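Here the structure is laid out as structure tokens; the discussion comes afterwards.
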Amino acid sequence: MMRTVLFVFMAFWLGLAGGTTLAQTTGESHVGPGSAAGKATQSDLLWQKLEATVQQVNRELDGTMGVAILDLTDGRVFLQNSNNVFATASSIKVAILAELYRQEQQSAAGANGKAKLSDPYTVDAHDLVDGSAIMGGLTPGVTRVTNRDLATLMVAVSDNSATNVLIDRLGMQNVNAMLDSLGLHQTRLQRKMMDVRAAQEGRENISTPGEMMALLAALYQKKVLNKALTEDFFKVLGTPKASDIPRYIPEDVVCANKPGELEGVRNDLGIVFVPNRPFVIVVMTAYLKRERDGDDAIAKIAGVAYEYFDRVARSSTYGRIVSERGAH
């Protein structure tokens, strides 16, 4: 893959606000600030090692993989197969969560007919589908929860029944309209969870690594929600869960992420809140011969990305570590 270093940080950063798509801004490239004289900085050299590791993991994986990593501090970005469309599996639930919070914001501004976080829901046996370990254990007709509770179940244990209830309440078309408003036209919610017939008919939930990165970046930059709702959005997304991104990351570092899996598919994406150096990471895989290999590839890439951002956060421009981890 062609590697280029371009000064497009400001174009990328402002592009999301102006509706410019990721592909229009960066194409398939590796982007970094570099130095004014064009000479590689110490952080550039360390970034190159990160790139090399990701490329090695990709070569060794018996399947296909797309990766997008974004430094939310300086805009440096690594993209590999970032415009290729993958099945999202449960990772599409990030978009559903975003639309729930957007409708909460719209309702607070006076819009009618919008879902609110506090809206109650009484468990209905007719709403239950497979992959609902928590919802399936609640008492139909008796147990009452809120939309925010449903969102927490959707994120923390990937409860499919909770997800489907939220899709009904939000409107699938509204989720896609929100994505369109951000210029994310390849990310589509096209079916409910566990709708095998829809999947067989080709109505799969899909996205690209680049677009999921752009969605997370827009949310982090408060281009979708106000400050209070943005903080609560990431609090819910950061609920601890079984997933691959955090595997090699210290437990005290918040990972606001959502994994997804199907036969031959393993994904995980989110924001890792490294103190003073948060970053977006998206890894999507397909055609996996051994699904465990996909899990391991995601964990390894996330681990080496964390090492880069943690070291840069704690070091001087010249690479001297000037603060111990946890001493920020």
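The values are calculated or read from the model by the stated rules, or taken from the named source; none is laboratory data. What you are looking at is a predicted structure, and each value in this text was computed from that prediction instead of being measured. Because the Cβ atoms are built from the backbone with ideal geometry, glycine has one as well, and the counts that use them run over all protein chains shown.
Could you list all residues from the range 107-127 that are part of a loop (DSSP other than H, G, I, E, B) and in contact (Cβ under 8 Å) with a residue 12 or more places away in the chain?
115, 116, 117, 118, 119, 123, 124
Checking residue 104 against (1) closer than 12 Å to residue 165 by Cα; (2) touching a Leu at 6+ places or on another chain (Cβ under 9 Å); (3) part of a helix (DSSP H, G or I): exactly one of these is not met. Which one?
(1)
So which of 251, 263 is surrounded by fewer than 16 Cβ atoms within 10 Å (Cβ to Cβ), in contact with a helix residue (DSSP H, G or I) (Cβ under 9 Å, 6 or more places away or on another chain) and either closer than 20 Å to residue 69 by Cβ or of a type in the set (Asp, Glu) (or both)?
263
Of the numbered conditions (1) closer than 23 Å to residue 232 by Cβ; (2) buried (at least 24 other Cβ atoms within 10 Å of the Cβ), residue 79 fails exactly one; give the number of that condition.
Result: residue 79 passes all but (1).
Are there any helices (runs of 4 or more DSSP H) wholly within the range 171-251 with 1 or more residues that are under 22 Å from residue 304 (Cα atoms) and among the small types (Gly, Ala, Ser), and if so which?
Result: 209-220.
Collect the residues in the range 107-127 that are crowded, with 17+ Cβ neighbours inside 10 Å and not charged (D, E, K, R), keeping them in residue-number order.
Correct list: 107, 115, 117, 121, 123.
Would you say residue 96 is touching a residue at least 40 places away in the same chain (Cβ under 8 Å) and of a type in the set (A, V, I, L, M)?
yes
Residue by residue through the range 48-104, note down the ones that are more than 16 Å from residue 259 (Cβ to Cβ), in contact with a strand residue (DSSP E or B) (Cβ under 7 Å, 6 or more places away or on another chain) and hydroxyl-bearing (Ser, Thr, Tyr).
64, 82 - these are the residues of the range 48-104 that are more than 16 Å from residue 259 (Cβ to Cβ), in contact with a strand residue (DSSP E or B) (Cβ under 7 Å, 6 or more places away or on another chain) and hydroxyl-bearing (Ser, Thr, Tyr).
Look through the range 146-157, keep the residues that are free of Cβ contacts under 8 Å to residues at least 60 places away in the same chain and surrounded by fewer than 22 Cβ atoms within 10 Å (Cβ to Cβ), and return whichever of them is farthest from residue 96 (Cα to Cα).
So, considering only residues that are free of Cβ contacts under 8 Å to residues at least 60 places away in the same chain and surrounded by fewer than 22 Cβ atoms within 10 Å (Cβ to Cβ), the one farthest from residue 96 (Cα to Cα) is 146.
Within the range 228-248, how many residues turn out to be aromatic (Phe, Trp, Tyr) and surrounded by 16 or more Cβ atoms within 10 Å (Cβ to Cβ)?
So the answer is 2.
List pairs: first in the range 301-328 and closer than 30 Å to residue 266 by Cβ, second among the polar types (S, T, N, Q) and at pLDDT below 95, Cβ under 6 Å, 6+ apart or cross-chain?
none
So, in the range 143-163, how many residues would count as being part of a helix (DSSP H, G or I) and over 16 Å from residue 124 (Cβ atoms)?
6
If you go through the range 93-105 one residue at a time, do you hit one that is among the aliphatic types (A, V, I, L, M) and over 20 Å from residue 218 (Cα atoms)?
No, the range 93-105 has no match at all.
Here's the yes/no breakdown for (1) hydrophobic (A, V, I, L, M, F, W, C); (2) modelled with pLDDT of 95 or more:
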position: 21; (1), (2): no, no
position: 26; (1), (2): no, no
position: 32; (1), (2): no, no
position: 37; (1), (2): yes, no
position: 48; (1), (2): no, yes
position: 70; (1), (2): yes, yes
position: 82; (1), (2): no, yes
position: 91; (1), (2): no, yes
position: 98; (1), (2): yes, yes
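Which of the residues belonging to the range 59-93 are part of a loop (DSSP other than H, G, I, E, B) and either without any contact (Cβ under 8 Å) to a residue 40 or more places away in the chain or not acidic (Asp, Glu) (or both)?
Result: 61, 63, 72, 73, 75, 76, 81, 82, 83, 84, 85, 88.
If only one of 225, 189, 215 is touching a residue at least 60 places away in the same chain (Cβ under 8 Å) and surrounded by fewer than 23 Cβ atoms within 10 Å (Cβ to Cβ), which one is it?
Answer to the selection: 225.
If residue 258 satisfies every condition in (1) buried (at least 20 other Cβ atoms within 10 Å of the Cβ); (2) touching an Asp or Glu at 6+ places or on another chain (Cβ under 7 Å); (3) more than 24 Å from residue 47 (Cα to Cα) but one, which is the exception?
(2)
Yes/no matrix, rows are residues, columns are (1) surrounded by 14 or more Cβ atoms within 10 Å (Cβ to Cβ); (2) more than 21 Å from residue 236 (Cβ to Cβ):
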{"site": "144", "(1), (2)": "no, no"}
{"site": "159", "(1), (2)": "yes, no"}
{"site": "168", "(1), (2)": "no, no"}
{"site": "177", "(1), (2)": "no, yes"}
{"site": "194", "(1), (2)": "yes, yes"}
